[in-house]
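As structure tokens, the structure follows; a few thoughts come after it.
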Amino acid sequence: MSVSVLLFASYADAFGTRRLVVPVAAPCPVGDVVQAMRTLPGGDRLPVRPLVAINQAYAALDSIVQPNDEVALIPPVAGG
């Protein structure tokens, strides 16, 4: 299956886009999606345990991604 991955801020900068389509086995843990992204140019900038959401809800790396799910990688943010 192919998973649509949304990227924001520094992650979008690292990958040069705000959305990627990543091929992975179906169904799979979201950690597999992150691992597949690490193989792409810019993937070395992902932290060991990035903050992830599936269909706009925060998810753990062992949460299962189904066909047609949308994954988002949320970069660290700072505020003041």
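Bear in mind these aren't lab numbers, they're just calculated from the coordinates by the rules spelled out. No experiment lies behind these values; they were computed from the predicted model shown. Neighbour counts are summed over all protein chains in view; Cβ atoms, including those assigned to glycine, are modelled from backbone coordinates with ideal geometry.
Assorted remarks:
- Mean separation of Cα contacts under 8 Å (6+ apart) over length of the chain, as relative contact order %: 38
- 14 Å cut-off, amide nitrogen to a point 7 angstrom out along Cys28 Cα→Cβ, residues in region 46-75: 62-69, 71
- Inter-label distance, Tyr58 to Arg38: 2.3 nm, where each label sits 7 Å from its Cα along the C-beta direction.
- Each of Val3, Tyr58, Met37 was placed along the dipole of the chain (beta-carbon charges, centred on the mean Cα), and the one lying farthest toward the positive end is Met37.
- Principal axis dimensions, largest first and in whole angstrom, of the chain by Cα: 38, 26, 20
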